[in-house]
Amino acid sequence: MSLDDATVEVVRGSLREVFATGRPVAPALDELGWAEVLEEDPSIATTVLFGEQGRALASSGLLADTMLAELPGYAPGTHTLLLPHPRLGSHPGPTGVLLASTAEVVVVPRATPD
């Protein structure tokens, strides 16, 4: 299914309010029913989410959580993702960018030839 334009605008407005408050984003998304929005149309939902986060110049662990949700065995909130440092390209290693620091386990993704 896909979110209609009116729903997208409601979601966009709600996300704008969430990022404007400065309060923790994850609980606010839960209150909004974000899981249902994401399930309905993941592509549009994440585009709107990260567009509004960027618009607000907000920082969060949402990118790591979104990426971890796609990896079997890694739970957002208990794990975080070490993204490659921009100067180092896609080579995995101990130097990178952590988007969240509260997790106990850091996942270092690596590219495979396939």
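We did not get these values from a lab; they are worked out from the coordinates using the rules stated. Treat the numbers as computed from the prediction; the structure is a model and nothing was measured. Backbone-built Cβ (ideal geometry, glycine too); neighbour counts: all protein chains shown.
Things to note:
- Applying both filters, DSSP loop and at most 10 other Cβ atoms within 10 Å, to the GluC sites (Glu not before Pro) of region 1-95 gives Glu70.
- In sequence order, calculated HN-Hα J values of region 6-21 (Karplus, 6.51, -1.76, 1.60; Hz; x Gly/Pro): 5, 5, 4, 5, 5, 4, 4, x, 5, 5, 4, 5, 4, 5, 6, 6
- Taken about its Cα centre, region 5-59 carries a charge dipole of about 380 debye when Lys and Arg each add +1 at the Cβ and Asp and Glu each add -1 at the Cβ.
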